[in-house]
Amino acid sequence: GKILECRKVEKSKKLLCSQIDIGGEVRQIVSGIAKYYTPEEMVGKKVIVVTNLKPVVLCGVESYGMVLCASDAEGNLTLLTPAADMPAGAEVR
């Protein structure tokens, strides 16, 4: 998906709320990555998302998926992104 908008979740230091184009649909996804990314640097990024999850409410904000990240032994986190420029909605196989 492609991140169209991103903002901090008001009642949290850890959460970002993103509007993500997943190809023909825009999903709101809340992720706990505010320690590693600002909302401004998230906009425009292509990310890998999981969309077949039940919606959840985090700090009063609904989330309809999950942005995938990887972490190392020290707890450093990085977004998983496509290696090539893929269209929003391309399936992970």
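The values are calculated or read from the model by the stated rules, or taken from the named source; none is laboratory data. All values derive from a computational prediction rather than experimental measurement. Counting neighbours? That spans all protein chains shown, and the Cβs are built from the backbone with ideal geometry, glycine included.
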Val50 passes all but one of (1) within 20 Å of Ser12 (Cβ to Cβ); (2) at pLDDT 95 or above; which number fails? (1)
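Quick grid of which residues meet (1) among the hydroxyl-bearing types (Ser, Thr, Tyr); (2) more than 20 Å from Ala88 (Cβ to Cβ):
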residue: Lys11; (1), (2): no, yes
residue: Leu15; (1), (2): no, yes
residue: Gly24; (1), (2): no, no
residue: Ala34; (1), (2): no, yes
residue: Thr38; (1), (2): yes, yes
residue: Met42; (1), (2): no, no
residue: Lys45; (1), (2): no, no
residue: Asn52; (1), (2): no, no
residue: Glu62; (1), (2): no, yes
Across the range 49-80, what is the number of residues that are surrounded by 12 or more Cβ atoms within 10 Å (Cβ to Cβ) and either in contact with a helix residue (DSSP H, G or I) (Cβ under 6 Å, 6 or more places away or on another chain) or not small (Gly, Ala, Ser) (or both)? 17
For the range 27-46, enumerate the residues that are under 12 Å from Ser63 (Cα atoms) and assigned to a strand (DSSP E or B). Arg27, Gln28, Ile29, Val30, Ser31
Residues of the range 60-75 being touching a strand residue (DSSP E or B) at 6+ places or on another chain (Cβ under 8 Å) and either polar (S, T, N, Q) or at pLDDT below 95 (or both), which ones? Ser63, Ser71
